[in-house]
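Structure first, commentary second.
The values are calculated or read from the model by the stated rules, or taken from the named source; none is laboratory data. Since the model is a prediction, treat every value here as computed from it, not as a measurement. Positions of Cβ are generated from backbone atoms using ideal geometry, with glycine treated the same way; all protein chains shown enter the neighbour counts. What goes into the accessible areas is simple: the full protein's heavy atoms, side chains included, and nothing from ligands, DNA or RNA. Shrake-Rupley method; radii C 1.70, N 1.55, O 1.52, S 1.80 Å.
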Amino acid sequence: MRFARISPIFANVVRQSQYRNYANGVIKPREFNKVMVANRGEIAIRVFRALTELNKTSVAIYAEQDKNSMHRLKADEAYLVGKGLPPVAAYLTIDQIIETALKHDIDAIHPGYGFLSERSDFAAACQNAGIVFIGPSPDVMARMGDKVAARQAAIEAGVQVVPGTPGPITTAAEAVEFAKQYGTPIILKAAYGGGGRGIRRVDKLDEVEEAFRRSYSEAQAAFGDGSLFVEKFVERPRHIEVQLLGDHHGNIVHLYERDCSVQRRHQKVVEIAPAPALPEGVREKILADALRLAKHVGYQNAGTVEFLVDQKGNYYFIEVNARLQVEHTVTEEITGVDLVQAQIRIAEGKSLDDLKLSQDTIHTTGSAIQCRVTTEDPAKGFQPDSGRIEVFRSGEGMGIRLDSASAFAGSVISPHYDSLMVKVIASARNHPNAAAKMIRALKEFRIRGVKTNIPFLLNVLRQPSFLDASVDTYFIDEHPELFQFKPSQNRAQKLLNYLGEVKVNGPTTPLATDLKPAVVSPPIPYIPAGAKPPAGLRNVLLEKGPAEFAKEVRKTPGCMITDTTFRDAHQSLLATRVRTYDMAAISPFVSQNFNGLFSLENWGGATFDVSMRFLHECPWERLQTLRRLIPNIPFQCLLRGANAMGYSNYPDNVIYKFCELAVKNGMDVFRVFDSLNYLPNLLVGMEAVGKAGGVVEAAIAYTGDVTDKSRDKYDLNYYLNLAEQLVKAQAHILSIKDMAGVLKPEAAKLLIGALRDKFPDVPIHVHTHDTSGAGVAAMLECAKAGADVVDAAVDSMSGMTSQPSMGAIVASLQGTKHDTGLSLDDISKYSAYWESARQLYAPFECATTMKSGNADVYKHEIPGGQYTNLQFQAFSLGLGPQFDEVKRMYREANLVLGDIIKVTPSSKIVGDLAQFMVQNNLTRETLVDRADDLSFPKSVVDFMQGNVGQPPYGFPEPLRTKVLRGKPKVDGRPGENAKPVDLDAVKVELEEKHGRPLTEEDVMSYSMFPSVFDEFETFRQQYGPVDKLPTRLFLTGLEIAEEVDVEIESGKTLAIQLLAEGKLNKRGEREVFFDLNGQMRSIFVVDKEASKEIVTRPRALPGVRGHIGAPMPGDVLELKIKEGDKVTKKQPLFVLSAMKMEMVIDSPIAGTVKKVHAGQGTKCTAGDLVIEIEP
């Protein structure tokens, strides 16, 4: 077996003899037939292209993990090396590479850059095997690759150097000693490699030891030798390097210089050739010194001499890179010289004269810039990212060159190698023009699936100092604005993720019934393009203010209508599920034809949290969208007094800020109510609305029957007295809010007539529900009794628990002194639209269980919206036949609580207690008797404590005492002493949690619904603008082969088709295939049901500060703590290694290590939970 390994070398004895004098430059010219590239990725493909142009056979090597890499496929031949070894180690197996080369008759090996490119032992191994190493001789490589030897050579050649250690050091003590002698700052550099690996600047003496350990570890991992070189750090230098070419005949030329000053962590980010704004005198001296050093050492092939140039024009040699550089491309662009081909030709023994290259013939033309597009996230400290590229579209055109390997859709970016994805090179007549081309090209890129540094590169290129070419190596550190990014919206990919999720796992919004959305396109009446909306009542409000607005309403002849179709109608009939998408579609028609409306109720109440919770859309954006489409009709919302849009009391500053923002975003009329008619709660809301500039419509929640003399509560005097207090509190409009629809026609006549008599100058607005079927009759009586405005829903969205029919009211009042002025023809078109659109919401249709109105509402007094929900719940629990009993128990629960006003949230309290009584088989009497031993619903306990407010006739005793059992009571307004919320601090905290700038409106949503907002924001970032999807597709997704056009903004439409759904893979995922704008895209979606049996690593939960996750894919290199340890804030927890970079992860909080989820050596993906800390 020993002879079998030696025999190929003997077979190459003849070849060896030809190269015995390799180091002395005396070689016999020859032509290579087969050339191997001992590298991977972009540089391997770059060399293959040069070989193809020279008509030579290209040969690749690849690690097992690279079997799908593009460089393997681009080569004429490709061979596996390092089987069973880690990814990087495979490319460092010199013996296997040489054996593979000998086995397949390789003439020469090009090392590329990185890996073995600067290993003199590899060059020597090639020479000993009779294979040409395309690069300098082993002796020169050894001397130039050793930074200490290179430094000594520079001194011998008369080239100025930076003060540094005389040789490599291997202990931290030596580094500390140097720092003590020369002072800080110093810089630690890997002695046997480059590329930014192992380089660290140290500013303080006490930091030298730890920095040495980290640099040593990085250098050891990257180059197989951790030896370091220490230098005094030159302040504010420019990094200038000179490209050289030398042949084996003693000829050396320079190809001018490059400016590599734009660096991060000593890693070059942007390179420029030639170096702009470099004084000619300095340029000539640097070029001359580079040639002097190269001639001194007898340099052959391509190499780079690097210098630091300080602010005064002094320059210092720092190192020689005895290989091809990543940034060689910019030199090629300005000189027209193919450096790779020149390398190959020189290695074949050609002279520079043979290549028609002499110093006199090498000139520069124009300017070139190279940007390294990497898979790093600049918003997270340039954490390397890995994964599958879902989308790849590059920038191209005149003056743009792309050098890449893995840059295509479907490519998988490995965490094991350098993060370089593609090099973009822009060439133009001068530096500013080259920068303009580069900016244009980078803006054309679309990369999805992995993060890239393109936003950062664009910021760099737009910096005035970069365009002026006045940058040094401090440029990035001194421009924090480079890290201010406008996040990529990535809307198309996110929508595909959503549609894929729905396809694999079903609707994200729970469907209440088995019915499916109908396949319909609601008919939108024609509106001429550019037609301006006619003036409406909102024009008066904007011009004259709320007080004059109220007077105008009072002066208006006839009865005006508030259209509830956009809010309360669908809250009552369709579980509040109607989306902005369908409202916006009909809004222009409403604006054009219903300018005579008093208002359009379209916001507030349950729609606020439901829009985020179930529809995954922002309620503020709904308001903004509808306001833009309907500028002329006043908008109306429901404000729950001190509860704002929520279900509990909030600090006063939240209420005031909410109203301010609502008015700012286009809200006009606020119907302010309290679920118990508790005046202090009402006054808070009224004052907040008034201060914000809104119209204060003070609402009295109606219950009981003012015509029933036998009822001693809620009589006519109760309502008149409360109305008087509201008018005194500066209400612009009085409202009667009949949530249950129990205002009978005769009662309406009595109550509204009395209010009109008592308050002749105050507009009166009446709201009701048509649960009993008598809603139209009641509203007609209100109009006749003096009401200025009544609520109605368009016909196809009216009736039952919704509002009375708009068409019926309009027709009934037509031709009378109460004529509404609305057109029945327009109402008919409006109704036709909603009749069709309503079918899209079939899964939430109340008519599934409720077939008609029911007059028993006069007994149980269940509010309209709650009636529908209770009925759904009863049917889902199998209690459909017993719904009459549920309704009866609701009445009993109300009475046992003292016959309270029933509006959200008090109606929920009654409903919770009713269900509790049914579940426990309780009556009104037994409930009170057994109250000492029962565990009541939390809502009931809160009510009894006074956390909702004070009921008009007090709390029921002895039930209250029995329920509370000593718990504290609130006697006044619940929110009166609540601590104000620091909204600015909340904004900062939220932005940190969600990783993006948030608005005041977002903060307000969070202030009222913290968990709902957090879930919504997480959903929005994951799935994008799902509100742009048509409703049927939003709810149930696409069918196979179904197509849809999605307009994500004006003039931008996505054409999406679902192509196929794949089988379950071993990770529990299904691949879902789409056609997006004519291009095939696929995504992987975890099948939540099928993957339950698959064990996965726990994930760090967003927003949980004690969950410390892996910020990037990589290996846990070192754990610095153990379970049970006490840790302080910013204490190092573990070291993560990825893409040859090490990152120390600190604790964001102080606490105790509860659990270590990933031990040393564990491979993690980004977001995997590593350590759990208990604060």
The number of residues in segment 434-475 that are more than 15 Å from Arg372 (Cα to Cα), in a loop (DSSP other than H, G, I, E, B) and hydrophobic (A, V, I, L, M, F, W, C) is 4
Restricting segment 375-412 to residues that are among the β-branched types (Val, Ile, Thr) and surrounded by 17 or more Cβ atoms within 10 Å (Cβ to Cβ), the one modelled with the highest pLDDT turns out to be Ile400
For segment 648-667 the number of residues that are open to solvent by 10 Å² or more (accessible area, probe 1.4 Å) and more than 15 Å from Glu1000 (Cα to Cα) is 5
In segment 568-586, anything open to solvent by less than 10 Å² (accessible area, probe 1.4 Å), charged (D, E, K, R) and at pLDDT below 95 is listed as Asp568
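Results for (1) closer than 17 Å to Thr304 by Cβ; (2) surrounded by fewer than 19 Cβ atoms within 10 Å (Cβ to Cβ), shown as yes or no for each residue.
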site	(1), (2)
His104	no, yes
Ser117	yes, no
Phe122	no, no
Met141	yes, no
Lys147	yes, no
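I'd like to know if segment 21-33 contains one or more residues that are aromatic (Phe, Trp, Tyr), open to solvent by less than 70 Å² (accessible area, probe 1.4 Å), modelled with pLDDT of 85 or more and closer than 27 Å to Asp418 by Cβ.
Within segment 21-33, the subset aromatic (Phe, Trp, Tyr) is 22, 32.
Retained after the next criterion (residues that are open to solvent by less than 70 Å² (accessible area, probe 1.4 Å)): 22, 32.
From what is left, the residues that are modelled with pLDDT of 85 or more are 32.
Within this subset, residues satisfying the condition of being closer than 27 Å to Asp418 by Cβ are none.
No, the conditions are met nowhere in segment 21-33.
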query: Quick check, is Asp338 in contact (Cβ under 8 Å) with a residue 12 or more places away in the chain, under 30 Å from Ile447 (Cβ atoms), touching a strand residue (DSSP E or B) at 6+ places or on another chain (Cβ under 9 Å) and open to solvent by 20 Å² or more (accessible area, probe 1.4 Å)?
result: no
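So for segment 951-968 (the condition being under 45 Å from the mean Cα position of the chain (by Cα) and crowded, with 17+ Cβ neighbours inside 10 Å), does at least one residue qualify?
We begin by selecting, within segment 951-968, every residue under 45 Å from the mean Cα position of the chain (by Cα); these are 967-968.
From what's left, crowded, with 17+ Cβ neighbours inside 10 Å: none.
Among the residues of segment 951-968, not one is under 45 Å from the mean Cα position of the chain (by Cα) and crowded, with 17+ Cβ neighbours inside 10 Å, which makes the answer no.
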The condition from (1) within 22 Å of Leu822 (Cα to Cα); (2) surrounded by 14 or more Cβ atoms within 10 Å (Cβ to Cβ); (3) outside the structural domain of Leu623 (by the TED database) that Val504 misses is numbered (1)
Taking the conditions exactly as written (assigned to a strand (DSSP E or B) and among the hydrophobic types (A, V, I, L, M, F, W, C)), does Ile155 satisfy them or not?
no
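Considering only helices (runs of 4 or more DSSP H) fully contained in segment 32-146, which possess at least 1 residues that are closer than 20 Å to Leu324 by Cβ and within 45 Å of the chain's Cα centre (by Cα)?
Details: elements: 41-53, 70-74, 87-90, 94-103, 120-128, 138-145.
Fully inside segment 32-146 and qualifying: 41-53, 70-74, 87-90, 94-103, 138-145.
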Over segment 749-793, the set of residues modelled with pLDDT of 95 or more and of a type in the set (Gly, Ala, Ser) is Gly753, Ala754, Ala777, Ala778, Ala783, Ala785, Gly786, Ala787, Ala792, Ala793
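Out of segment 162-194, which residues are among the hydrophobic types (A, V, I, L, M, F, W, C) and touching a helix residue (DSSP H, G or I) at 6+ places or on another chain (Cβ under 7 Å)? Explain how you work it out, then say what you get.
Residues of segment 162-194 that are among the hydrophobic types (A, V, I, L, M, F, W, C), as a first pass: 162, 169, 172-173, 175-176, 178-179, 186-188, 190-191.
Ile169, Ala172, Ala175, Val176, Ala179, Ile186, Leu188, Ala190, Ala191, listed by residue number.
Looking at Leu308, Leu339, can you tell me which residue is farther than 29 Å from Ser414 by Cα and of a type in the set (A, V, I, L, M)? Steps first, please.
Values: Leu339 fails: farther than 29 Å from Ser414 by Cα.
After ruling out the rest, the residue left standing is Leu308.
Can you name the residue in segment 416-433 that is open to solvent by less than 50 Å² (accessible area, probe 1.4 Å) and either assigned to a helix (DSSP H, G or I) or small (Gly, Ala, Ser) (or both) and, of all such residues, is nearest to Arg372 (Cα to Cα)? Walk me through how you get there before you give the answer.
Step one: list which residues in segment 416-433 are open to solvent by less than 50 Å² (accessible area, probe 1.4 Å), which gives 417, 419-428, 431.
With either assigned to a helix (DSSP H, G or I) or small (Gly, Ala, Ser) (or both) added as a condition, the list becomes 419, 426-428, 431.
Values: Ser419: 10, Ala426: 12, Ser427: 15, Ala428: 18, His431: 17 Å.
Residue satisfying both the conditions and the ranking: Ser419.
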Of Ala441, Ala469, the only residue that is at positive phi and more than 21 Å from the chain's Cα centre (by Cα) is Ala469
Practice task
State whether the residues of segment 225-239 include one that is β-branched (Val, Ile, Thr), touching a Leu at 6+ places or on another chain (Cβ under 7 Å), in a strand (DSSP E or B) and at pLDDT below 95.
Solution key: yes
Sole miss for Leu287 among (1) out of contact with any Gly (no Cβ under 6 Å at 6 or more places or on another chain); (2) open to solvent by 30 Å² or more (accessible area, probe 1.4 Å) is condition (2)
Scanning segment 550-566 residue by residue, those open to solvent by less than 30 Å² (accessible area, probe 1.4 Å) and under 20 Å from Leu822 (Cα atoms) turn out to be Val553, Gly558, Cys559, Met560, Ile561, Thr562, Asp563, Thr564, Thr565, Phe566
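Just checking, how many residues over segment 737-783 are in a helix (DSSP H, G or I), open to solvent by less than 10 Å² (accessible area, probe 1.4 Å) and not hydrophobic (A, V, I, L, M, F, W, C)?
So in segment 737-783, the residues in a helix (DSSP H, G or I) come out as 745-758, 775-783.
From what is left, the residues that are open to solvent by less than 10 Å² (accessible area, probe 1.4 Å) are 747-748, 751-752, 755, 775, 778-779, 782-783.
Those left that are additionally not hydrophobic (A, V, I, L, M, F, W, C): 775.
Residues meeting the conditions: 1.
Quick one: would you say Ala692 is within 21 Å of Pro905 (Cβ to Cβ) and of a type outside the set (S, T, N, Q)? Break it down stepwise before answering.
Working: within 21 Å of Pro905 (Cβ to Cβ): no; of a type outside the set (S, T, N, Q): yes.
For Ala692, the condition - within 21 Å of Pro905 (Cβ to Cβ) and of a type outside the set (S, T, N, Q) - is not met.
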Residue set Arg973, Arg1020, Arg996; condition in contact (Cβ under 8 Å) with a residue 40 or more places away in the chain, within 19 Å of the chain's Cα centre (by Cα) and part of a loop (DSSP other than H, G, I, E, B); output residue Arg996
Taking segment 303-318 and keeping only residues that are crowded, with 23+ Cβ neighbours inside 10 Å and within 21 Å of Gly112 (Cβ to Cβ), one is left with Gly303, Thr304, Val305
Taking segment 204-255 and keeping only residues that are open to solvent by 60 Å² or more (accessible area, probe 1.4 Å) and either over 20 Å from Leu308 (Cβ atoms) or in contact with a Gly (Cβ under 7 Å, 6 or more places away or on another chain) (or both), one is left with Lys204, Leu205, Asp206, Glu207, Glu209, Glu210, Arg213, Tyr216, Gln220, Ala221, His249, Gly250
Listed by first then second residue, the pairs whose first member lies in segment 377-392 and is not assigned by the TED database to the domain that holds Cys1164, whose partner is part of a strand (DSSP E or B) and aromatic (Phe, Trp, Tyr), with beta carbons under 9 Å and at least 6 positions apart or on separate chains, are Arg388/Phe1084
Ala547 being open to solvent by 30 Å² or more (accessible area, probe 1.4 Å), among the small types (Gly, Ala, Ser) and either modelled with pLDDT of 95 or more or in contact with a Ser or Thr (Cβ under 9 Å, 6 or more places away or on another chain) (or both):
yes
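In segment 184-203, which residue that is over 38 Å from the mean Cα position of the chain (by Cα) and open to solvent by less than 40 Å² (accessible area, probe 1.4 Å) is nearest to Glu1118 (Cα to Cα)? Break it down stepwise before answering.
Initially, segment 184-203 is screened for residues over 38 Å from the mean Cα position of the chain (by Cα), giving 184-186, 191-192.
From the residues that got through so far, the ones that are open to solvent by less than 40 Å² (accessible area, probe 1.4 Å) too are 185-186, 191.
On the way: Pro185: 28, Ile186: 26, Ala191: 24 Å.
Filtering segment 184-203 for residues that are over 38 Å from the mean Cα position of the chain (by Cα) and open to solvent by less than 40 Å² (accessible area, probe 1.4 Å), the one nearest to Glu1118 (Cα to Cα) comes out as Ala191.
Please find, within segment 240-285, the residue that is nearest to the chain's Cα centre (by Cα) out of those that are basic (Lys, Arg) and assigned to a strand (DSSP E or B). Working first, answer last.
Quick first cut of segment 240-285, residues basic (Lys, Arg) only: 258, 264-265, 268, 283, 285.
Now narrow it down to the ones that are assigned to a strand (DSSP E or B): 258, 264, 268.
Working: Arg258: 37, Arg264: 25, Lys268: 28 Å.
Checking each candidate, the answer is Arg264.
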Asp826 vs (1) modelled with pLDDT of 95 or more; (2) open to solvent by 10 Å² or more (accessible area, probe 1.4 Å); (3) assigned to a loop (DSSP other than H, G, I, E, B): all pass except (3)
